[in-house]
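Since the structure comes first, as structure tokens, the remarks are kept for the end.
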Amino acid sequence: MAGKFNVKGNIMTVRIGINPITWSNDDVPELGGDTPLETCLAETKQAGYAGTELGGKFPRQTAVLKPIMQRFGLDVISGWYDGRCAEKDIDAEMDAIMPHLQLLKDMGSRHVVYADTSLGRHGAIWDPISKRPSLSDDEWPAYGRKLTKLAERMAQFGVAMAFHHHMGTIVETDEEVGKLMQYTGKEVGLLYDTGHSSFAGGDPLALVKRHVKRIVHVHCKDPRKAILDRARSDDMSFMAAVLEGIFTVPGDGSIDYAPILKTLADNGYSGWLVVEAEQDPKKAHPLTYATMGFKNLSRLAREAGFEVIA
């Protein structure tokens, strides 16, 4: 899979993938929890995608997962990991993540989606967005050194870190992404997420321009502005906002993706563009929105100067 990404002349190549949260939300099982994995994968392929990130329904044994993915003709792009780097020492964190890294490596994935959910998270998805952990200015330098060492260990193993800035975590805002980039080395790649930047009150275009050289993975979700504004003004929880429909697929919300994708293309990004738009599948028919997301993102990527490859 990794070898498919290259530069053709001066044209950067990308592949379009999706996260299975379109069909089934691991944090809230009532949102598509009864949807079989086979349905998720069959509709992922039907919608046009080349690959998918992992979700809770996916087997975690290579010998079981590989033939399933081959049957549907899909690659495993990556997979989320609830990191605890701010809490654990590096050896303990590396030991904890190794089974996940091994699976990703076996499946040909280049990066792990690493979100540091230290100091709480899971229950916090139902807390007001104002209530979340953070690091003090004094804590950032040591944290950056520690995270860089962890990323170095991952890279040596063969699966690089794509650090996911995420609502409700210690790296949520554009300012905190800036501190992350300031205090870490190049081994800490950035997973750039348009939706989380927007929800956190940031500017996705300014963010991509500022850190484009560190971006190794891209999540594309598109906020519905009226719900975003209400979620921030009413201090809603992350999941309450999701249930209200804060996110949709690229091209169906309020973000202008054209300059964002052009910035990525002009600065040499070559990798996955992943549709990740958590919605209530009873309100947002998964195949309909997956197909819309694929068509919109493929078109926008080509217009920005990428070559989209299967």
Report summary line: When restricted to 206, 226, 231, the only residue at pLDDT 95 or above, of a type outside the set (Ser, Thr, Tyr), over 18 Å from the mean Cα position of the chain (by Cα) and within 18 Å of residue 304 (Cα to Cα) is 206
Query - Subset of the stretch 288-306 that is buried (at least 17 other Cβ atoms within 10 Å of the Cβ) and over 19 Å from the mean Cα position of the chain (by Cα) - its residue that is nearest to residue 205 (Cα to Cα) - result: 304
Report task. Look through the stretch 128-164, keep the residues that are touching a residue at least 24 places away in the same chain (Cβ under 8 Å) and among the hydroxyl-bearing types (Ser, Thr, Tyr), and return whichever of them is surrounded by the fewest Cβ atoms within 10 Å (Cβ to Cβ). Result -> 130
Report summary line: Per the filter on the stretch 165-190, residues assigned to a strand (DSSP E or B) and surrounded by 24 or more Cβ atoms within 10 Å (Cβ to Cβ) are 188, 190
Query - Residue satisfying all of: in the stretch 146-162; outside any helix (DSSP H, G or I) and of a type in the set (Gly, Ala, Ser); farthest from residue 183 (Cα to Cα) among these - result: 158
Query raised in the report: Just for the stretch 14-52: of the residues that are of a type in the set (Gly, Ala, Ser) and under 14 Å from residue 74 (Cβ atoms), which one is surrounded by the fewest Cβ atoms within 10 Å (Cβ to Cβ)?
Result: 42
Query raised in the report: Which pairs do you get when a residue that is of a type in the set (Phe, Trp, Tyr), found in the stretch 290-302, comes within reach of a residue that is assigned to a helix (DSSP H, G or I), reach meaning Cβ atoms under 6 angstrom, with the pair 6+ apart or on two chains?
Result: 294/47
Query raised in the report: Is it true that residue 235 is closer than 22 Å to residue 131 by Cα, assigned to a helix (DSSP H, G or I) and among the acidic types (Asp, Glu)?
Result: no
**Report entry** Lone qualifier among 56, 51, 32 - being in contact with a Pro (Cβ under 6 Å, 6 or more places away or on another chain) and among the small types (Gly, Ala, Ser)
**Finding:** 32
Requested in this report: Pairs only if they're at least six apart or on different chains, beta carbon under 7 angstrom, first in the stretch 248-266 and farther than 17 Å from residue 196 by Cα and of a type in the set (Lys, Arg), second modelled with pLDDT of 95 or more and not in a loop (DSSP other than H, G, I, E, B); list them, first residue then second.
Outcome: 262/304
Report summary line: Filtering the stretch 240-257 for residues that are part of a helix (DSSP H, G or I), within 19 Å of the chain's Cα centre (by Cα) and among the small types (Gly, Ala, Ser) leaves a count of 1
Query raised in the report: Can you tell which of 310, 226, 284 is in a helix (DSSP H, G or I) and of a type in the set (Gly, Ala, Ser)?
Result: 226
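The values are calculated or read from the model by the stated rules, or taken from the named source; none is laboratory data. The structure displayed is predicted, hence computed values, not measured ones. Cβ: placed from backbone, ideal geometry, glycine included. Neighbour counts: every protein chain shown.
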